[in-house]
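Here is the structure we will look at.
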Amino acid sequence: MLSKLKNLFFKSKNPLDMPLDKIRESKIKLDVKVRKLEEEILEIDRHIAKLFERAKETESRSEELTIATKIKTLSQRKKQLQNSHALLNKQMRFIDNLLIIKENEEILKSTPLWNTLKSMSPQELERHLIHMKIDNENIVEKLNSALGITEDMLSSASEEKDREIQEILSTIHAVKEGELEVEDAKMLIAEEEEEREDFERKLKKLIK
């Protein structure tokens, strides 16, 4: 679904990188599409009702069959429109929630939650955004709740980032003091990176 949204409105590798004005523009376009679909569905319902009224006056089997065929065609068209409507509603939830997140970007950036959101793949983020319901009030707490993220998990992720810098700085100092060779330092950092990636994979599994 995310790829369809990109093709329909704009291209971006990460939904969080979408400009706020583009998201608002997308919401307007979706609103128009939803209204048009709803109007067309209502028009089909009215047409079907009129056909049933006409059927009351039919005097032959062939007339009934003609009306029945028209009703069937209209019903099939209505089903197609309803499926499209359901898809647009998912896209609307995605856009609505993304808009709220982007409007509160500065607040979220001051918390570990932003890094958690950014670390998600586009598919993961999309899946969350089409199923959650958030608003501007208490955005951080509601996002944490919607994503199933606990304070302990966020604290662990934040501390892990801090440790990463400290470990690299310690390695740099060891190289500068001649206590560690460059090749050994590279290997040490690579091993630590593997451990961090393993930690992040486990964290992502927990928040799915």
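The values are calculated or read from the model by the stated rules, or taken from the named source; none is laboratory data. None of these values were measured; they are calculated from a predicted model. Because the Cβ atoms are built from the backbone with ideal geometry, glycine has one as well, and the counts that use them run over all protein chains shown.
Taking the criterion of being within 18 Å of the chain's Cα centre (by Cα) and β-branched (Val, Ile, Thr), the residues of the range 70-108 that qualify are Ile95, Ile100, Ile101. So which pairs qualify, if the first residue must be in the range 1-25 and under 19 Å from Asn115 (Cα atoms) and among the polar types (S, T, N, Q), the second must be modelled with pLDDT of 90 or more and assigned to a loop (DSSP other than H, G, I, E, B), the Cβ gap must be under 9 Å, and the two must be at least 6 apart or on different chains? What qualifies is Ser12/Pro19.
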